[in-house]
1. Go through the range 120-167 and count every residue that is surrounded by fewer than 18 Cβ atoms within 10 Å (Cβ to Cβ), at pLDDT 90 or above, of a type outside the set (Ser, Thr, Tyr) and more than 19 Å from MET198 (Cβ to Cβ).
2. Please work out which residue is surrounded by the fewest Cβ atoms within 10 Å (Cβ to Cβ), limiting yourself to the range 168-201 and to residues that are within 26 Å of TRP225 (Cα to Cα) and of a type outside the set (A, V, I, L, M, F, W, C).
3. Please enumerate the residues belonging to the range 278-294 that are within 29 Å of GLN230 (Cβ to Cβ) and loosely packed, with under 12 Cβ neighbours inside 10 Å.
4. From the list HIS176, HIS197, HIS180, which residue is within 22 Å of ARG109 (Cα to Cα) and touching a Phe, Trp or Tyr at 6+ places or on another chain (Cβ under 9 Å)?
5. Between ASP244, ASP257, which is farther than 21 Å from GLU185 by Cα, surrounded by 13 or more Cβ atoms within 10 Å (Cβ to Cβ) and of a type in the set (D, E, K, R)?
6. Kindly provide the set of residues from the range 45-80 that are more than 27 Å from the chain's Cα centre (by Cα), acidic (Asp, Glu) and surrounded by 17 or more Cβ atoms within 10 Å (Cβ to Cβ), ordered by number.
7. Confirm whether ARG210 is of a type in the set (Lys, Arg) and at pLDDT 90 or above.
8. Count, please, the residues in the range 13-63 that happen to be of a type in the set (S, T, N, Q) and either closer than 18 Å to VAL76 by Cα or assigned to a loop (DSSP other than H, G, I, E, B) (or both).
Amino acid sequence: MDDDVLSGSPEQEAGTPVGEVLAGLRKTAGVTGQQLGRLVGMSQAKISRIETGSVMPDPEDVEQLATALGASDHVVRKLVDQAAQSHDRITEWRFRSPSVAGRQNDLARLEAKTRVFRIFQPVVVIGLLQTSEYARSIFGTSQALLSKGGKDVMAAGVADGVSARIDRQRILTDPHKKFHLLMSEAVLQLRLCPAEHMPAQVQRIREVARQENVSIGIIPLDTQWNFPPQTGFQLLDDRNVLIDLLSTGVESKGRSDTALYRRIFDVFEAQAVTEIDPILDKYLEIYLDLAKSRSRRT
């Protein structure tokens, strides 16, 4: 569809909502919402919500719809940029469930749609790499501070959360997904779980690093950081970023935000070492010695 054909159509008017423009393109093309849905693999109901403005359209959906309707590259870019500007703000990422397990399941649904992962953690082992004992310690500490229920409720929540986190890790075996995982060496130094459980955690990181679809980098302790490692975050297909907070997370699909966090990730990645066995060997020896000394004292 040429720009000439679109002359006078809604996108020519400044401030016209993206959904209204897409509806105009569809009508000009003589395509029904149902036909368009079949063409792009999207439900007619979703297309209707986008066109009527009842939902904020994702830039990728806008690009898919406009392209399918034959819009020129110029028009597609204009609509995608307009949709991106609407998303260009950080909002709280609301979990469907307040439980630890529910949050893990929410993350799993989001990760199932992702092909390329870029994850950074400055102080805890990345969730997809955690052993059950390490995860139990992390969840137990956070639940002790945040839970409003009794000890039995808290214990059940932690157990369910650990199970859900370990279940999430099956995604690492999908050869069609690529994982770029970065951590500070501090995640191995900080004693967030009993020393006797850390050798298994160290070995877990080593085993996953051997997978062809996974690259793991560790930023050594003596590194002079080129950017302060303020918080952990996940970049999913470079389309949205999840940023860790104490009791929840925040998300942005804005292009400026995702581009910023991609640049930050690239800075960290350039400072990381991928030959991680020497670092892992050092901490394996440290924790084995600690576990032995504690065993002698008991």
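1. Qualifying residue count for the region: 1.
2. ARG191
3. PRO278
4. Exactly one of HIS176, HIS197, HIS180 is within 22 Å of ARG109 (Cα to Cα) and touching a Phe, Trp or Tyr at 6+ places or on another chain (Cβ under 9 Å), namely HIS180.
5. Testing whether each residue is farther than 21 Å from GLU185 by Cα, surrounded by 13 or more Cβ atoms within 10 Å (Cβ to Cβ) and of a type in the set (D, E, K, R) leaves just ASP257.
6. GLU51
7. Numbers: of a type in the set (Lys, Arg): yes; at pLDDT 90 or above: yes.
For ARG210, the condition - of a type in the set (Lys, Arg) and at pLDDT 90 or above - is met.
8. The total comes to 5.
The values are calculated or read from the model by the stated rules, or taken from the named source; none is laboratory data. Please read these numbers as outputs of a predicted model, since none were measured by experiment. We place every Cβ from the backbone using ideal geometry, glycine too, and count neighbours over all the protein chains shown.
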